[in-house]
Amino acid sequence: MIDEALRVFKDLDSKDFRILTGIETEMKHFEWVPMEQLNKYTRLPFEKLEYRLKKLVRNKLVVRITQPYEGFQIYFEGYDVLALNAFVKRKSISAIGDEVGVGKESVIYEAILPPELSIGEPVPVVIKFHREGRTSFKQIKRVREHLGEREHFSWIYAARLAAQREYDIMTTLYPEVSIPKPFDHNRHAIVMELAKGSLLSKTKLIDPEWYLDEILKQVKITYSLGIIHADLSEYNIFASEDGVQLIDWPQYITPEHPHADEILERDVSNVLNHFFRKYGVKRELDETIREIKNQTGKSAEDIKENTENRSEIPTVEKRKLEKTLEEGFEEEDLEKSFEEDIEKDIFQEEDFETERFETESFEAEEFEAEEFEAEEFEAE
């Protein structure tokens, strides 16, 4: 778990990060990265490399085999460390706290974003670590033929792809759609605004009709931008005094998807069923779907053109918005992103010294835990 990564983070230095990144890089070519390959990559004397690898294995950041040769793999804890180090160097976080959410495909931790000005207040945020490769790679692999038999790199591809897709679409939708503000992304992790309020599934609403209208309004806006959430339910909607926020976006699709109508209907049906079961609020599914589509007055081609021409998408290659998990993802896109992260994060070894993190600020004690408790919300 990430607790292991946090426990040892402050004890790692630039050479440890170079070794971890060497394993990460060479896992593109080896199921188990040979010691000889790491020796070439890190340029560390064999004895020092061996000593540091033993420490990384002992700290559960790296896994080692000895047969048929001595080789190493980086696992999620080691990948967590690399992402955290990147966020720290970029000053995207200054402290990290407790786990605030966990699912089969992600784990979420509270964190602190340093203020832009020294006189400003720190901003509470969360870090979402994607875990798709650990639990669901077989399903993902079935719809991504380009991954082929590269099982040894599968979890990096799966988790990284999900995080990159989610960050890209969040930067595209924010702030027109009510979602947490995205701040940064590296490897399989995203730094984003703390969602307001509490999960709809755990919330007792005094005015459920108003909140249902607010949710459907966000679905309409999202559809008008050429996006369908594709995994919407009471478990990824937050409700607060100010309204609602939609979370968990990596499975989004576009209206051009062959099953777009079916998936949109499932999203809306999940929401309507929740409000009917819990509050007795009844809405007709067909009528609601028509309202969502008719709101824009646009065809699928119009929606696509609108999305492609939006000037608010500087961080996303427009063509990525048309891709879905089912339709696949160009391998060279992921490879390019992978190489860019490595170039930014590790090759200049002196950066580790000049941008080192004040490890004391990484202690959970810095957080007032009460501020991060998700309380059940009763709207006025």
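Add +1 for every Lys or Arg and -1 for every Asp or Glu among the other residues with Cβ under 15 Å from the Cβ of residue 178, and state the total.
After counting each charged neighbour, the total is -3.
A simple spin-label model places pseudo-atoms 7 Å from Cα toward Cβ; at residue 50 and residue 15 they are separated by 1.4 nm.
What net charge is computed for the residues neighbouring residue 123, neighbours being all others with C-beta under 10 Å from the C-beta of residue 123, Lys and Arg scored +1, Asp and Glu -1? Present the calculation step by step, with values, prior to reporting the outcome.
Values: positive: 181; negative: 116, 121, 193.
Summing Lys and Arg as +1 and Asp and Glu as -1 gives -2.
Label-to-label distance for residue 256 and residue 39 is 5.1 nm, based on points extended 7 Å past Cα in the beta-carbon direction.
For segment 1-83, with only Lys/Arg (+1) and Asp/Glu (-1) charged at the beta-carbon, what is the dipole magnitude about the Cα centre, in debye rounded to 20? Walk me through the numbers on the way to the answer.
Details: 14 positive and 14 negative charges, 51 e Å.
Value, rounded to 20: 240 debye.
Applying the Karplus relation 6.51 cos²θ - 1.76 cosθ + 1.60 with θ = phi - 60° to segment 182-198 yields 3J(HN,Hα) values of x, 10, 7, 8, 8, 6, 9, 10, 10, 9, 9, 4, 5, 4, 7, x, 9 Hz, where x marks Gly and Pro.
Does segment 232-290 classify as rounded, prolate or oblate by the C-alpha gyration tensor (a ≥ b ≥ c root eigenvalues; a/c under 1.5 gives rounded; else a/b over b/c gives prolate, otherwise oblate)? Oblate, since a/c reaches 1.5 and b/c is not below a/b. Distance from the alpha carbon centroid of segment 55-111 to that of segment 276-296 works out to 43 angstrom.
To the nearest 0.05, what FRET efficiency results for residue 290 and residue 202 with a Förster distance of 30 Å applied to their C-beta separation? Could you put the intermediate results ahead of the total?
On the way: r = 31 Å, r/R0 = 1.03.
Computed FRET efficiency for residue 290 and residue 202: 0.45.
Accessible surface for segment 1-109, divided over its residues, is 44 Å² per residue with a 1.4 Å probe. Averaging the Cα positions of each part gives two centres, and for segment 201-222 and segment 223-253 these lie 11 Å apart.
The values are calculated or read from the model by the stated rules, or taken from the named source; none is laboratory data. A quick note: this is a predicted structure, and the numbers were derived from the prediction, not measured. Neighbour counts run over all protein chains shown; Cβ positions are idealised from the backbone, glycine included. Calculation scope for accessible area: heavy atoms of the full protein, side chains included, ligands and nucleic acids excluded. Shrake-Rupley method; radii C 1.70, N 1.55, O 1.52, S 1.80 Å.
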